[in-house]
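S.K.: Below: one structure in structure tokens.
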């Protein structure tokens, strides 16, 4: 059971039920529905938004109870969406087919482990490197280090040196509304760059995490 769900059962749900004048005969949560609220609506660190979303559901139940509605609301994923609207966060699916320049990484979030897909695109140009996806300074440095390493090993990777001069490179981390930082995406970024420049796809069943040095060493996970 994830930490937020355990805290909800032990503290938040009893507290909020009392504050809203409700009991188990009025509304019933499950581990799955609490986890869904945590992962899809309250992924931020801390409990503030998680508690706010639980309270929003309970307020709606309390209002209906005051209007005379009886019986328990059984809260499942469908009912959560009906009460809270479209989820704020989407769980990133693994790519189904190998694709050039698309690599799956592993990320840590406040609600647990997650997949992150890193995309690399090359296009005719003059060697410019563009990075998007609301990256912090440390992650941007990881992109620079990955790019330098791939260029230094171009011959071993069967990448023509002219490729770096005649093409622009764009690195993107989807879910641009979510800030991202840290060095652990280095290996994923490195492989995405090597893949798009060599035009070789990456296995779809492979996910990775770890900082990469300029010598190509993958360091242990720091998170």
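The values are calculated or read from the model by the stated rules, or taken from the named source; none is laboratory data. Predicted model only: the values in this text are computed from it and were never measured. We place every Cβ from the backbone using ideal geometry, glycine too, and count neighbours over all the protein chains shown.
S.K.: I'm checking my understanding of the structure. Among residues of the range 159-193 that are part of a helix (DSSP H, G or I) and under 23 Å from the mean Cα position of the chain (by Cα), which one is nearest to residue 149 (Cα to Cα)?
M.R.: So the first thing to find is which residues in the range 159-193 are part of a helix (DSSP H, G or I), and the list is 162-166, 186-193.
Pick out the ones that are also under 23 Å from the mean Cα position of the chain (by Cα) and you get 186-193.
On the way: 186: 11, 187: 11, 188: 13, 189: 11, 190: 8, 191: 11, 192: 12, 193: 10 Å.
Of everything passing the filter in the range 159-193, 190 is nearest to residue 149 (Cα to Cα).
S.K.: Please find, among 10, 52, the residue that is within 26 Å of residue 180 (Cβ to Cβ) and loosely packed, with under 13 Cβ neighbours inside 10 Å. I'd like the intermediate steps shown before the answer.
M.R.: Numbers: 10 fails: within 26 Å of residue 180 (Cβ to Cβ).
None of the other options fit; the residue is 52.
S.K.: What are the residue pairs meeting all of these: first residue in the range 91-115, first residue over 21 Å from residue 182 (Cα atoms), second residue at pLDDT 85 or above and assigned to a loop (DSSP other than H, G, I, E, B), Cβ atoms under 7 Å, and 6 or more apart or on different chains?
M.R.: That search, which allows pairs on different chains as well, returns 98/201; 98/203; 99/201; 100/199; 100/200; 100/201.
S.K.: When you scan the range 125-141, do you find a residue that is under 24 Å from residue 98 (Cβ atoms) and over 25 Å from the mean Cα position of the chain (by Cα), even just one?
M.R.: no
S.K.: Using the structure shown, decide if residue 113 is assigned to a strand (DSSP E or B) and either at pLDDT 95 or above or loosely packed, with under 13 Cβ neighbours inside 10 Å (or both).
M.R.: Judged against the criteria, residue 113 is a match.
S.K.: Residues being assigned to a loop (DSSP other than H, G, I, E, B) and either touching a helix residue (DSSP H, G or I) at 6+ places or on another chain (Cβ under 9 Å) or at pLDDT 95 or above (or both): count how many of those fall in the range 1-29. Lay out the reasoning, then the answer.
M.R.: Of all residues in the range 1-29, those assigned to a loop (DSSP other than H, G, I, E, B) come to 1-2, 20-26, 29.
Retained after the next criterion (residues that are either touching a helix residue (DSSP H, G or I) at 6+ places or on another chain (Cβ under 9 Å) or at pLDDT 95 or above (or both)): 1-2, 20-24, 26, 29.
Summing the residues that are assigned to a loop (DSSP other than H, G, I, E, B) and either touching a helix residue (DSSP H, G or I) at 6+ places or on another chain (Cβ under 9 Å) or at pLDDT 95 or above (or both) in the range 1-29 gives 9.
S.K.: For residues that are exposed (fewer than 11 other Cβ atoms within 10 Å of the Cβ) and farther than 15 Å from residue 22 by Cβ, tally how many sit in the range 68-81. Lay out the reasoning, then the answer.
M.R.: Our first condition is that a residue be exposed (fewer than 11 other Cβ atoms within 10 Å of the Cβ); within the range 68-81, this holds for 68, 70-71, 78.
Next, only the ones that are farther than 15 Å from residue 22 by Cβ stay: 78.
Qualifying residue count, the range 68-81: 1.
S.K.: Filter the range 38-67 for residues that are in a helix (DSSP H, G or I) and farther than 14 Å from residue 22 by Cβ and give the result.
M.R.: 38, 39, 40, 41, 48, 49, 50, 51, 52, 53
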